[in-house]
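Novice: One structure, pasted below without further comment.
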Amino acid sequence: MKTSQTLFFAFVALLSLSACSQDYQKLSENQTDLRKIEIARDFSDRFYNTLKSGKTYEFSGEATEPMANLLSADKQKEIYQQISNQFGHYKSIQYAETWTSVKQSDTHIIRFKGEFEKTAKRLEIRVVINDEGKIAGFWIKPWLDPLT
Amino acid sequence: MIISLVLNPYNRLAGIRAIFLGLIIHIVLTSISFYSGTHINSNLFFKLASDTPFWYFLAEMSLHASLNILGLIVTGYLLSRTQFRLIDIIGTALFSRAPLVLLPAARLIPAFKSFYVTSPVIYILILIFIVSVIWSITLLYNAFKISCNPKSKFTNIGFIAAMLLSEGISQFIIYQILP
C-alpha cells in the first residue's frame, strides 16, 4: 500500500514538473490562429511545388529579410535536390499542430506533415510565423511527435 | 503464484489457444501503436512518431515478431534433442509480446502524446518501455524453454544470439528496405 502511494505521488510530481518545465506549449484547436496556419500552408505548398517544377521560389514580402536571404536560389535548388534524391518529389502537405513559445506567445510554430513520392513516412515541414505574420523559420525533417 | 503466472503462463497456455490469443495481442498491439503513434519495432528502442499509415505499422511489427520467432525455432532445432511442435513456439512467442502494449497504451493519455522533448514525460515513457521489454523477453525466454525443451548448456547463449541476430536483420529490413 505504501509503495503504491509513493509511486502514485512520484507519478503526479513528475507530471506537474513536466507541466512547469515546458518552454513551449501546444495550442488547442480553439487557440490556434487560422490566418497564420493558412499563411504557413500556402507558403510551404507554393515553395515545394515551385521547386518541384524546376524553378526557384521568389519571396515577395511574406518572409523576414534574414529568412529570404538565407533561402537564396542556389540554396533552394541544393535543398530540394537532397530531399528529392532521398524521399522523392513533393506530393502534398497536411496541417498537424501549432505550438507557441511561453516567452513569445505571438510567435507560432506550425507543424505540417509533408507527403513525398518515394517514402511512406511523412516528413515534418515546420514554419515559424512571427508576431507580424511573417515567416521567420522554415525546416524540413523526419516527423517526431514530441516537439524537438 | 501470481508472479509465476505473470512471468510464465505457459504451463497453462499452449497450442491453438496460445496462437489465437497471440494473434489477438498482435492485432491489438499494432492498432494501439498506430493510434498512439508509437513504433515498437525493436527490443532495444522505440520511436514516437505518427508518421506512417497503418500498413507500415503492421509490416514492421509483424516482421519483428516473425524474425524473433524464426530465430527461436532455428535455435530450438539446434539445441533441442527432442521433437517440438511449431504451433507451441509460435503461439507462446506471439503471446509473449503482450507486455509491449504498455507503452502505446500509455501514449493514449494526451500528456504523453505531445510534449516538448526535454520534458520529464520522456523519462516516464523510457521507464515504461524498459519494464515492458524486460517482461516481454522473460516471457519469450520461458516460452522458448517450455516449447522447445532445450537441454544444452548453450541454451542461454543460443537464446541471446537468436534475439540479437533477429534484431539486426529486422532493423536492416525496416530501415533499409521498407519505403
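The values are calculated or read from the model by the stated rules, or taken from the named source; none is laboratory data. These numbers come from a predicted model, not from an experiment. Neighbour counts are summed over all protein chains in view; Cβ atoms, including those assigned to glycine, are modelled from backbone coordinates with ideal geometry.
Novice: I'm checking my understanding of the structure. Among residues of region A:127-148 that are at pLDDT 90 or above and within 14 Å of chain B (Cβ to nearest Cβ), which one is nearest to residue A:43 (Cα to Cα)?
Specialist: A:140
Novice: Using the structure shown, decide if residue B:144 is buried (at least 21 other Cβ atoms within 10 Å of the Cβ), free of Cβ contacts under 8 Å to residues at least 24 places away in the same chain and not small (Gly, Ala, Ser).
Specialist: Against the criterion (buried (at least 21 other Cβ atoms within 10 Å of the Cβ), free of Cβ contacts under 8 Å to residues at least 24 places away in the same chain and not small (Gly, Ala, Ser)), residue B:144 does not qualify.
Novice: May I pose another question? Say whether the condition of being away from chain B (no Cβ under 14 Å), in contact with a helix residue (DSSP H, G or I) (Cβ under 6 Å, 6 or more places away or on another chain) and of a type in the set (Phe, Trp, Tyr) is met by at least one residue in region A:86-100.
Specialist: Within region A:86-100, one or more residues are away from chain B (no Cβ under 14 Å), in contact with a helix residue (DSSP H, G or I) (Cβ under 6 Å, 6 or more places away or on another chain) and of a type in the set (Phe, Trp, Tyr).
Novice: Checking the condition within 29 Å of residue B:122 (Cα to Cα) and surrounded by 17 or more Cβ atoms within 10 Å (Cβ to Cβ), which residue from A:109, A:83 passes?
Specialist: Among A:109, A:83, only A:109 is within 29 Å of residue B:122 (Cα to Cα) and surrounded by 17 or more Cβ atoms within 10 Å (Cβ to Cβ).
Novice: Here is a follow-up. Identify all residues within region A:113-122 that are facing chain B (nearest Cβ under 8 Å) and touching a residue at least 12 places away in the same chain (Cβ under 8 Å); write none if there are none.
Specialist: A:113, A:118, A:119, A:121, A:122
Novice: For the list (1) farther than 30 Å from residue A:100 by Cβ; (2) assigned to a loop (DSSP other than H, G, I, E, B); (3) within 14 Å of chain A (Cβ to nearest Cβ); (4) touching a residue at least 24 places away in the same chain (Cβ under 8 Å), I need the number of the one condition that residue B:108 fails.
Specialist: Failed condition: (1).
Novice: Taking the conditions exactly as written (in contact (Cβ under 8 Å) with a residue 40 or more places away in the chain, more than 12 Å from chain A (Cβ to nearest Cβ) and part of a helix (DSSP H, G or I)), does residue B:100 satisfy them or not?
Specialist: Spelling it out, residue B:100 is indeed in contact (Cβ under 8 Å) with a residue 40 or more places away in the chain, more than 12 Å from chain A (Cβ to nearest Cβ) and part of a helix (DSSP H, G or I).
Novice: Now, a different point. What tally of residues in region B:114-147 results from selecting those that are within 9 Å of chain A (Cβ to nearest Cβ), closer than 21 Å to residue B:29 by Cα and assigned to a helix (DSSP H, G or I)?
Specialist: Count: 2.
Novice: Looking only at region B:150-164, how many residues end up being surrounded by fewer than 16 Cβ atoms within 10 Å (Cβ to Cβ) and in contact (Cβ under 8 Å) with a residue 24 or more places away in the chain?
Specialist: 4
Novice: Tally up the residues in region A:18-70 that are away from every other protein chain (no Cβ under 14 Å), hydroxyl-bearing (Ser, Thr, Tyr) and either in a loop (DSSP other than H, G, I, E, B) or surrounded by fewer than 17 Cβ atoms within 10 Å (Cβ to Cβ) (or both), please.
Specialist: Matching residues across region A:18-70 total 6.
Novice: Of the conditions (1) within 18 Å of residue B:125 (Cβ to Cβ); (2) without any contact (Cβ under 8 Å) to a residue 12 or more places away in the chain, residue B:83 fails just one. Which one is it?
Specialist: Tallying (1) within 18 Å of residue B:125 (Cβ to Cβ); (2) without any contact (Cβ under 8 Å) to a residue 12 or more places away in the chain, residue B:83 fails exactly one: (1).
Novice: Anything in region A:101-144 that is in a loop (DSSP other than H, G, I, E, B) and among the acidic types (Asp, Glu)? List them, or say none.
Specialist: Passing the criteria: A:106, A:117, A:131, A:132.
Novice: Give me the residue from region B:41-67 that is within 14 Å of another protein chain (Cβ to nearest Cβ) and in a loop (DSSP other than H, G, I, E, B) and, out of that set, nearest to the chain's Cα centre (by Cα).
Specialist: B:41
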